[in-house]
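The values are calculated or read from the model by the stated rules, or taken from the named source; none is laboratory data. Computed from a prediction, not measured in an experiment: that's the story for all the values here. No Cβ is skipped: glycine too gets one built from the backbone with ideal geometry, and neighbour counts run over all protein chains shown.
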Amino acid sequence: MFDNLSDRLGNVFDRLKGRGALSEQDVRDAMREIRVALLEADVALPVVRRFIDAVTEKAIGQDVLKSVTPGQQVVKIVDDELVAMLGGGEDADPKDRELNFAAKPPVVIMMVGLQGSGKTTTTAKLGRLIKQKHGKKALMASLDVNRPAAQEQLKVLGEQVEVATLPIVEGQQPVDIARRAMESAKLQAADVLLLDTAGRLHVDEALMAEMKAIASVSAPTEVLLVVDSLTGQDAVNVAQSFTGEVPLTGVVLTRMDGDARGGAALSMRYVTGKPIKFAGTGEKLDAIEAFDPKRVAGRILG
Ligand code: GDP
């Protein structure tokens, strides 16, 4: 079983690079292998198709095959297309990998996603980043009344990163907590309010209704979807479900430290149409990085 995209593509590329003249058939054969490798790495089928079409057209359409090093040029086309698809192309907006603070404070950042995706941990990581890197005052509030002790968990993480959390009021419902958090953030003159919403085990209507209600009372500047990169195609399905229902502005891919394949990353931008802003790279609260398309493409290609 090949589950490592890098190894698989590496083999194709080694063969291509070693060749002088390439025929159109060589390119098509290579693309077939790349297609299998991408599918095995859990990249969504429409994404694989678009990728292969774009690369094939570029590789065969230009004068690549007549050049002195056609194999290397095909490899470069594949690399460029991967980077572009991950959101790092030349036309990419550098702001895609930053938080947007351009709103009247408190700027609201709403975190959404399924249970276990790493939402609460990521909320605390961002709280820390907002305080330490951006020098802004943040308040964090857990609206998660579903998962036992979720609110307590955010409180403990808040103490660790030294970012204030909204005091817990037992029995209060998510929308009311969001309203109270807004009031509290204004009173404290917080620059940023992070709302850690409740997840569910699966996407359902109740979850979406709750997310919409929270978004409508808090008018978030950022709505970040947190997904576990290790869940591959499931992560993509989750992203698909959220897209269109809630006004997403970006994606955070967690557990990138354990994802050797990168399949979810490749599909995510295509499916949501939104940038991957951050990558979670570990359990520690400083283990978060701006998403780096070039580096992830490099990892996929090996
Ligand atoms: P939530 O239910 O979505 O709020 O998920 P949690 O924030 O409670 O995270 C679930 C588990 O995943 C915890 O044990 C976290 O420490 C862990 N976790 C979160 N993000 C990452 C990450 O980027 N890498 C790793 N290795 N673990 C993570």
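Restricting the search to helices (runs of 4 or more DSSP H) fully inside segment 112-228 and requiring at least 3 residues that are touching a residue at least 60 places away in the same chain (Cβ under 8 Å) and closer than 27 Å to Gly258 by Cβ gives 119-132, 150-161.
Can Met85 be described as buried (at least 19 other Cβ atoms within 10 Å of the Cβ) and farther than 30 Å from Ser142 by Cα? For Met85, the condition - buried (at least 19 other Cβ atoms within 10 Å of the Cβ) and farther than 30 Å from Ser142 by Cα - is met. The condition of being under 18 Å from the mean Cα position of the chain (by Cα) and buried (at least 21 other Cβ atoms within 10 Å of the Cβ) does not hold for Leu207. Out of Glu245, Glu162, Glu222, one residue alone is of a type in the set (Asp, Glu) and farther than 25 Å from Ala265 by Cα. It is Glu162. Being touching a residue at least 12 places away in the same chain (Cβ under 8 Å), surrounded by fewer than 19 Cβ atoms within 10 Å (Cβ to Cβ) and within 30 Å of Ala279 (Cβ to Cβ) is a property that holds for Arg35.
Given the residues Asp63, Asp80, Asp96, which is the only one that is within 29 Å of Phe51 (Cβ to Cβ), at pLDDT 90 or above and of a type in the set (D, E, K, R)? The conditions single out Asp80. Considering (1) assigned to a helix (DSSP H, G or I); (2) surrounded by 20 or more Cβ atoms within 10 Å (Cβ to Cβ), the lone condition that Ile60 does not fulfil carries the number (2).
Selection within segment 293-302: residues that are in a helix (DSSP H, G or I) and not charged (D, E, K, R). The member of this set that is farthest from the ligand (Cβ to nearest atom) is Leu301.
Among the residues of segment 103-146, those that are within 15 Å of the ligand (Cβ to nearest atom) and among the polar types (S, T, N, Q) comprise Gln115, Ser117, Thr120, Thr121, Thr122, Thr123, Ser142, Asn146.
Residue check: Val236 meets all listed conditions (1) more than 12 Å from the ligand (Cβ to nearest atom); (2) over 16 Å from the mean Cα position of the chain (by Cα) but one, namely (2). Just one of the numbered conditions (1) more than 12 Å from the ligand (Cβ to nearest atom); (2) buried (at least 18 other Cβ atoms within 10 Å of the Cβ) is not true of Ala290: (2). The lone criterion from (1) within 16 Å of the ligand (Cβ to nearest atom); (2) of a type in the set (A, V, I, L, M, F, W, C); (3) within 24 Å of Lys284 (Cβ to Cβ) left unmet by Val192 is number (1).
Scanning segment 251-279 for residues that are among the small types (Gly, Ala, Ser) and surrounded by fewer than 23 Cβ atoms within 10 Å (Cβ to Cβ), we see that the one that is farthest from the ligand (Cβ to nearest atom) is Gly273.
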